[in-house]
1. Probe radius 1.4 Å, ligands and nucleic acids ignored: give me the carbon and sulfur share of the accessible area of the chain as a rounded percent.
2. Can you list the equivalent-ellipsoid semi-axes of the stretch 124-213, largest first and in whole Å, using the square root of 5 times each Cα gyration tensor eigenvalue?
3. Any idea what angle helix 104-114 forms with the longest principal axis of the chain, computed on alpha-carbon atoms, 0 to 90 degrees, nearest 10?
4. Mind checking the per residue accessible area of the stretch 1-115 for me, 1.4 Å probe, whole number of Å²?
5. Please compute the Kirkwood hydrodynamic radius of the stretch 67-173 from all pairs of different C-alpha atoms, in Å with one decimal.
6. Given the peptides 87-93, 49-55, 141-147, arrange them by the average over their residues of other C-beta atoms within 10 Å, most packed first.
7. In Å, the Kirkwood hydrodynamic radius of the stretch 7-106 over pairs of distinct alpha carbons?
8. For the chain, what does the convex hull of the Cα positions come to per residue, in cubic angstrom?
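The values are calculated or read from the model by the stated rules, or taken from the named source; none is laboratory data. Owing to the predicted nature of the structure, the values given are computational and were not obtained by experimental measurement. All Cβ positions, even for glycine, are placed from backbone atoms using ideal geometry, and neighbour counts span all protein chains on display. Side chains included, ligands, DNA and RNA excluded: accessible areas come from the protein's heavy atoms. Shrake-Rupley method; radii C 1.70, N 1.55, O 1.52, S 1.80 Å.
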Amino acid sequence: MNDLVISCENLNKVYQDGSNQVAVLKGVDLALQQGEMLAIVGSSGSGKSTLLHILGTLDTATSGSAKIKNQEVAKLSRTEQAAFRNKNLGFIYQFHHLLMEFSAVENVAMPLLIKGLSAKAAKVAALEMLEKVGLAHRSSHKPSALSGGERQRVAIARALVTKPALVLADEPTGNLDKQNAIKIYDLINELNKSLNTSFVVVTHDLELADKLGKIAYLDDGKLTIKESQHVA
Ligand SMILES: Nc1ncnc2c1ncn2[C@@H]1O[C@H](COP(=O)(O)OP(=O)(O)OP(=O)(O)O)[C@@H](O)[C@H]1O
């Protein structure tokens with residue numbers, strides 16, 4: 001068994017837009033080893049979110065193969081896909097999607113409660129993860145009492161608390177200023193090193209993309225991958 005966390009071959013996605021067919025992904029190949037990180041860049045509408053959704057089992061390709069941890073995810077039933085997501089994947093979005101009426105630690109504990117952990121065990125693990133993202137001292141605060149950067153840290157802790165093999169992030173710093181965005185990418189690098197979690201991050205910002213190990217350029221439905229110049 002290889003250690004590929006992502007293996008895509010000849011992935012195609014065609015949207016039916018009224019009577020028009022729109023080909024968004026045209027024969028995308030992608031391989032990522034466990035622990036590697038990848039930034040996906042490309043112009044608006046180039047298909048970055050579409051690709052991320054396919055990798056996240058939230059959408060299916062029109063044709064081709066998408067394996068996550070050697071599992072052809074399109075072959076799973078909807079219920080199996082949900083279980084697969086809970087076990088193997090974490091998600092981070094531009095707008096953190098935290099539950100505003102719950103504290104930071106309650107937000108981070110939520111995926112573990114859904115998995116069936118006891119409230120006590122979930123809280124202990126959530127506090128540990130908040131410590132890793134530098135927010136242990138803000139654990140009892142609700143999102144409304146946190147800064148934008150702190151909220152994104154809580155969202156990262158929530159994505160990682162189940163120890164997923166792969167985290168998929170769509171413009172995770174799109175809502176932050178540059179200084180805070182850089183801090184979030186530094187944190188992603190730290191967590192990648194300590195947990196061996198793979199990250200695939202969609203961003204418009206080439207400078208931030210360069211902080212991850214590889215950059216994939218999506219253009220006219222094709223993906224070109226380059227090693228970044230960044231030395232961690
Ligand atoms: N459900 C859909 N039906 C029809 N067309 C769609 C659908 N979803 C996305 N598209 C089209 O597919 C193309 C790719 O969309 P996608 O959201 O993946 O791009 P993106 O690179 O993430 O863009 P952005 O950077 O603006 O978020 C766009 O032209 C979009 O309009």
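1. Using a 1.4 Å probe with all protein chains present, the chain comes out at 49 percent carbon and sulfur.
2. Working: eigenvalues 82, 55, 20 Å².
After diagonalising the Cα gyration tensor, the semi-axes are 20, 17, 10 Å.
3. Approximately 60 degrees, to the nearest 10.
4. Accessible area per residue, the stretch 1-115: 50 Å².
5. 14.2
6. 49-55, 87-93, 141-147
7. One over the average 1/r among Cα pairs gives 15.3 Å for the stretch 7-106.
8. Given the Cα convex hull of the chain, per-residue volume reads 137 Å³.
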